[in-house]
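Here the structure is laid out as structure tokens; the discussion comes afterwards.
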């Protein structure tokens, strides 16, 4: 995606390139989508306040994946957020994060990820721009805990998993945290709703997971 005020949100032959899907099923692919068209290159005008751009993703096989920021330049006066609808609308400011790790089943998903471009010169606060030090979610009987802040790098902490009665069902000590690197806790014996408490130095973060 790139920005040009001569472009439109529709297809522009001069600024856009539609997505051509590889026939090989081994490749996972990502693309943007606007007005029922899929793009590998999408030129849009800068919004006066904000615009939301759906991202489609084709996953070749079930597993853990990462969206990695290769080249990124936010226009002056704007923030750009990645929103994961499948993870409680977790919102990542792409100015501050280089990578987002997630898990997914195989398939094509057109409504999981969004890009939100918002002008901060309007003085309007973005209710989705929530700062989180950790991304906590469950997938295939594993609790995944991903540090989202460089402040935790090389620090040590612990993980506690509680059931709804407050009983500790699993505890891991001396965990080393590094931004963007997931810590995975196998929990195949658990079933139901659990609270995950994460400590890093003097900081504490709590998240909720559902185990099946």
Inset, instruction - Would you be able to say whether some residue in the stretch 101-119 is closer than 15 Å to residue 180 by Cβ, crowded, with 18+ Cβ neighbours inside 10 Å and either assigned by TED's automatic domain parsing to the domain that holds residue 43 or modelled with pLDDT under 90 (or both)? - result: yes
Legend entry - Any pair with Cβ under 9 angstrom, 6 or more apart, that starts in the stretch 158-169 at a residue that is at positive phi and ends at one that is outside any loop (DSSP other than H, G, I, E, B): 166/195
Inset, instruction - May I ask you to verify whether residue 82 is surrounded by 13 or more Cβ atoms within 10 Å (Cβ to Cβ) and out of contact with any helix residue (DSSP H, G or I) (no Cβ under 6 Å at 6 or more places or on another chain)? - result: yes
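The values are calculated or read from the model by the stated rules, or taken from the named source; none is laboratory data. Values in this document were obtained by computation on a predicted structure and should not be read as measured data. Neighbour counts run over all protein chains shown; Cβ positions are idealised from the backbone, glycine included.
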